[in-house]
Amino acid sequence: MRKKLQKLCLSAMMFAASTAVWALSEVGGVYQIASAEDLKAFAELVNAGNPGLNAVLTADIDRGLDGTMIGCERWDYQGIFDGQGHTISNLTINGQAMFTRFAGFGDVTFKNVTFDNATVNSNGNLNTSILTVQTYQNTLLDNVDVKNSSITGGYKVAPLIGTVYDEKATSITATIKNCDVSDTVVTSTSFDFGTCGMVSFVFVTNNDYVEYENCSVTNVQLRANSGGYNYHANIHYTSADTDDQINEHPEVKVTNVTFEAL
């Protein structure tokens, strides 16, 4: 999967190099994003080797990135992204996620934003999500909503985070609070899959885990091939030395979540 991620990142960087430089407003070290062009310019800055940039949305955005991902294998996102209550509508990503991965030495925060009518499609056995493919460090998602959306990938697929996993043999936590997913279809085309309502796969051997607080999953359809590792869950799937499926969590209200074998 690393090679595929790298190819996608190189494509994003080639896209960035072919576009005109867009002047982003910066206030106190925080980039101000008011349009789809600003969001693309922010992606260019991160992908050029600046993973720790902070940003805020100052307006609603229509059509978002249109395929330009933020972060690459060498420059996984490490900053704070605050939507300030705004909505990114009609986002289309022909890749794995808006952010390739959250990784680094600090904590990543993504908060106060709604994704409406987002469509994400990735080919091959790739973790896929609207927000981020994987997190390798402590991550806070606060008040991040997804509605009326479609996420399709070949491996671990979910609206918010594809995988919580740490390669450094330490423990990390993804905290998901005040987040809602509704009226969304999550599809995996692989036999080795995890289709879930919020976070797809949590590798807990190194005590990595997901904390939830005041979240909901409503009217979500999970779809995947029948056979192989038939793991699907409303909230997340975990695996260590044994296979443990966690369908629900007391801090997540689950309503009308269904699974369909393709």
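Values as computed for the structure displayed
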{"read-out": "Distant-in-sequence amide H partners of residue 83 (H built 1.01 Å from N, under 5 Å)", "value": "57, 111, 112, 113"}
{"read-out": "Protection proxy ranking of 125-133, 179-187 - average other beta-carbon atoms within 10 Å, highest first", "value": "125-133, 179-187"}
{"read-out": "HN-Hα J in Hz across the stretch 112-118 - Karplus 6.51, -1.76, 1.60, θ = phi - 60°, x for Gly and Pro", "value": "6, 8, 10, 9, 10, 6, 8"}
{"read-out": "Peptide ranges 253-261, 195-203 listed from the most packed, as the mean C-beta count within 10 angstrom indicates", "value": "195-203, 253-261"}
{"read-out": "Cut-off under 5 Å, modelled amide H: who pairs with residue 223 long-range", "value": "186, 187, 188, 260"}
{"read-out": "Built amide H within the under 5 Å cut-off of residue 146, gap 5+", "value": "115, 180, 181, 182"}
{"read-out": "³J(HN,Hα), Karplus 6.51/-1.76/1.60, whole Hz, each residue of the stretch 32-45, x for Gly, Pro", "value": "9, 10, 10, 7, 4, 5, 4, 5, 5, 5, 5, 4, 4, 5"}
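Values in this text are rule-based calculations from the coordinates and carry no lab data. The structure presented is a predicted model; accordingly, all values stated were derived computationally and were not measured. Neighbour counts are summed over all protein chains in view; Cβ atoms, including those assigned to glycine, are modelled from backbone coordinates with ideal geometry.
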